[in-house]
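Heads up: the structure comes next, in structure tokens.
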Amino acid sequence: MEQPTQRLVDDYVYDTSKVLGQGAVGLVYEGWKKGDENNVIAIKKQNFTLLIEHLGQKNYQQYIRREATIMKQVQNENIVHIYQIKLTKESFYIMMEYCNQGNLRQKLQKYPEKRIPEKEAVQIFKQIMNGYKAIFDASAIHRDLKPENILFKDNVVKIADFGLSKIINKNAALDIYTTNKGTPFYRPPQLLNDQHSVPVEYPQKIDIWSLGVLFYEMLVGKRPWLEVENCSSYLDEIENHDVGFPVHIPISKQTKDLILCMLTIDEKYRYSFEECMDHPFFKEETLEEKSQQEKQQ
């Protein structure tokens, strides 16, 4: 028997008293498929009225198409799995797997100085990059990679929230509409300006910058630059202060070098995804793992 707080959407039920998360245009609830109450899932409900207020009449329709299309296409073990997408007259629902260990921001809060030891951070980052490979292979960009959108389920990383994602032509420049696109402190310098639209020659490198900031934050406990009040001032911080690593935090040379390659201001020289995966950081880890496997045999 359904409870007063339970709502039905097709074959799924969600409980309005069990909120898992909240965004600007909706909530994520605990839910389940009818007849399978023990198998908990997450149901994201986004209200059309709020979407229109937040994004505008034209952009909200693009938002829905993007998130629905890309989340169906981009799937691997490190991407949040989608069970069903449903549109009603008033709302947009996404039925997806429930990540029972929260997000990376919450994880960071549990560590001294809000930073993760390098060995563990590397393993998390490798899973993030494995998930990102599915995004890259689908010729897409995420555009909102930040700790809040990196979830954990049974110690496995899951990339979430594709509301700002976009299918691109990898070999062509792209005009990016900058207003309210992505979290400012994870945006690359090219998108930290007052223009409404800017040409980006290497659109996929937008995400590489965000991933570099995210990896640095995992290791150091804070982002590479001072967090100032507006995008223009933050851009000044980036352009006038090199990325530095605190001397008291043990971080390997290969890890530092990879992060610096990902946080190169000039997008022409910033690493691409392929160059990241070709970096000795990943090669050395692979060799180390192979050596450990051989010892276990």
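Any read-out appearing in this document is the output of simple, stated calculations on the displayed coordinates, not a laboratory observation. Computed from a predicted structure; not experimentally measured. Neighbour counts run over all protein chains shown; Cβ positions are idealised from the backbone, glycine included.
Specify the inter-centroid distance of region 144-161 and region 45-59, based on alpha-carbon positions, in whole Å.
Using only Cα atoms to place each centre, the spacing works out to 24 Å.
Sequence-distant or interchain residues sharing an amide H contact under 5 Å with Y12, placed H: which?
Those qualifying (amide H under 5 Å, at least 5 residues apart or on another chain) are K34.
Would you pull out the residues with amide H under 5 Å of V157's amide H, same chain only if 5 or more places away, H placed 1.01 Å from N?
none
For region 104-290, what is the convex hull (Cα atoms) projected area averaged across all directions, in square nanometres? Let's see the in-between values first.
On the way: hull surface 42.8 nm².
If you wrap the Cα atoms of region 104-290 in a convex hull and average its projections, you get 10.7 nm².
Which FRET efficiency value, to the nearest 0.05, is calculated for K114 and K89 with the Förster distance at 30 angstrom and r the Cβ-Cβ distance?
Working: r = 43 Å, r/R0 = 1.44.
The value I calculate is 0.10.
Could you run the Karplus curve 6.51 cos²θ - 1.76 cosθ + 1.60 with θ = phi - 60° over region 66-74 and give me ³J(HN,Hα) per residue in whole Hz, x for Gly and Pro?
So the J values, rounded to whole Hz, are 4, 5, 5, 5, 6, 5, 6, 7, 9.
Return, ordered by residue number, the residues of region 152-167 whose backbone nitrogen is under 15 Å from a label point located 7 Å along Cα→Cβ of S139.
Only 166-167 pass the distance filter.
Out of L145, P117, Y271, whose Cα points farthest toward the positive end of the dipole of the chain (charges: +1 Lys, Arg; -1 Asp, Glu; placed on Cβ)?
The residue sitting most towards the positive pole is L145.
With springs only between Cα atoms under 10 Å apart, run a GNM on the chain and tell me which of D11, D207, D257 wobbles the most.
Judging by the Gaussian network model, the answer is D11.
Taking K and R as +1 and D and E as -1, what net charge do the other residues with C-beta under 13 Å from the C-beta of A134 add up to? Walk me through the numbers on the way to the answer.
Values: positive: K72, K133, K158; negative: E77, D137, D207.
That works out to 0.
What value, in deg cm²/dmol to 500, does the helix sum -39500 (n - 2.57) over DSSP H runs of n ≥ 4 give at 222 nm once divided by the residues of the chain? Please list the in-between numbers first.
On the way: 9 runs with 110 residues, N = 297.
Value at 222 nm, helices only, nearest 500: -11500 deg cm²/dmol.
How far apart, in nm, are the 7 Å Cα→Cβ label points at E77 and D11?
2.6
With +1 on each Lys and Arg Cβ and -1 on each Asp and Glu Cβ, how big is the dipole of the chain about its Cα centre, in debye rounded to the nearest 20? The partial results should precede the final answer.
On the way: 38 positive and 42 negative charges, 106 e Å.
With Lys and Arg at +1 and Asp and Glu at -1, about 500 debye.
Go ahead and set up a Gaussian network model of the chain, Cα springs under 10 Å, then flag whichever of H142, H81, H248 fluctuates most.
Sorting by GNM fluctuation, first place goes to H248.
What does the charge dipole of region 6-97 about its Cα centre add up to, to the nearest 20 debye, if the Cβ of each Lys and Arg holds +1 and the Cβ of each Asp and Glu holds -1? Show your work: numbers first, answer last.
Working: 12 positive and 11 negative charges, 76 e Å.
For region 6-97, the charge dipole is close to 360 debye.
Taking 22 Å as R0, compute the FRET efficiency from the Cβ-Cβ separation of E201 and R223 and round it to 0.05.
Values: r = 25 Å, r/R0 = 1.12.
E(calc), rounded to 0.05, equals 0.35.
Calculate one ³J(HN,Hα) per residue across region 148-154 by plugging θ = phi - 60° into the Karplus curve 6.51 cos²θ - 1.76 cosθ + 1.60, and present them in order as whole Hz with x for glycine and proline.
Residue by residue, region 148-154 yields 5, 9, 10, 9, 10, 9, 6 Hz.
Relative contact order for region 1-52 using alpha-carbon pairs under 8 Å, separation at least 6, rounded to a whole percent?
Details: 83 pairs, mean separation 13.9, N = 52.
It rounds to 27 percent for region 1-52.
Taking θ as phi - 60°, what are the ³J(HN,Hα) couplings along region 245-254 by the Karplus curve (6.51, -1.76, 1.60), each to the nearest whole Hz, with x for Gly and Pro?
Result, rounded to whole Hz: 10, x, 5, 7, 9, x, 9, 5, 4, 5.
How much length is gained if the chain between V40 and K58 is pulled fully straight, taking 0.36 nm per residue apart and subtracting their Cα-Cα distance, in nm to one decimal? Mind dumping the intermediate values first?
Working: separation 18, 0.36 × 18 = 6.48 nm, distance 3.43 nm.
That pair, V40 and K58, stretches by 3.1 nm at full extension.
List the pairs from K33/K158; K222/K253; K58/K158; K114/K256; K44/K110; K34/K153 whose alpha-carbon separation is above 28 Å, in the order I gave them.
Values: K33/K158 21 Å; K222/K253 19 Å; K58/K158 30 Å; K114/K256 18 Å; K44/K110 26 Å; K34/K153 22 Å.
From the list (K33/K158; K222/K253; K58/K158; K114/K256; K44/K110; K34/K153), the Cα-Cα distance tops 28 Å for K58/K158.
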